[in-house]
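Read through the structure below, which is laid out as structure tokens, and then see the notes.
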Amino acid sequence: MRRIIGIISVMSSENVIEYLHVGRSHPSKDRKALVRIRAGILVAVVALLSVGCALTQEVTKTPRNAIEQLLLSQAVEGALEGVTVPIPEGEAIRVEVTGLQTDRAHLHMDEQDQRFGVIDSPSWDLAFVRDLVAGRLGALGYRVRQSEEEATYLVRILVHAMGTNQGKTFFGIPQIQSLIIPFALPQITLYQKLNQLAHVRLHLDIFETGTGRFVQSTHWTTGSTYYNQYTVLFFFSFRTTDLVAPP
């Protein structure tokens, strides 16, 4: 047994010496082997980074996603907290709403959905604000009417602002399109913050419907909500928000 092991050891040593001798005499083969090793390492690194950077934020496929809707609705509710009007309790009121022109809003709308200055692709954002205010005033004891003849007071809601601001903070290497490799190198994220803030500001003007006399304006009130998403070291993700029961 010892004799066999010795023969194998001698043969192995001779093969190594022969391999080294051949390698020295054929430097071109060494270069080709080195190129193959480097290519293999590059492929492995790219594959590893692709797995680590696979988590990305998709663009919403709907006009306004659920998170943005919740941010705006909760911001409106926050702006209405503590709102009071200088009208005797139990009076009949009619509610109108108006706001700045945007790509998603009517210029003016009353409870009968009469629109003035309608723009392309309107939405029902202002109608939603109107209905929330009407519900709030109804909870305070006022009788909400549909027509001017039935109402004693007109409550006009002026929406100063209603929308979301989005921002992004990124630290790392963005996606790179290579001219040598037929595919793009993935984004390498060391730190990323995607923040979304909804902000609403409004006030109420009160008029007598019979005479048109201006009664009083309320102080403008604001409401805001936020939803932030974080990514640290490629794929460690978490979020912070003040939404009630976020999705």
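The values are calculated or read from the model by the stated rules, or taken from the named source; none is laboratory data. In this text the structure is predicted, and so the values were computed from the model without any measurement. Cβ placement follows ideal geometry from the backbone for every residue including glycine, while neighbour counts extend to all protein chains displayed.
The table below lists the values:
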quantity: Enumerated strands (runs of 3 or more DSSP E) restricted to the range 167-244, each holding at least 2 residues that are surrounded by 15 or more Cβ atoms within 10 Å (Cβ to Cβ), of a type outside the set (Ser, Thr, Tyr) and in contact with an Asp or Glu (Cβ under 8 Å, 6 or more places away or on another chain); calculated: 188-208
quantity: Residue match in the range 223-230 (condition: more than 19 Å from the chain's Cα centre (by Cα), assigned by TED's automatic domain parsing to the domain that holds residue 150 and aromatic (Phe, Trp, Tyr)); calculated: no
quantity: Residue list for the range 137-161, filter: at pLDDT below 90 and surrounded by 11 or more Cβ atoms within 10 Å (Cβ to Cβ); calculated: 146, 147, 148, 150
quantity: Hits in the range 149-196 (condition: among the basic types (Lys, Arg) and within 30 Å of residue 91 (Cα to Cα)); calculated: 156
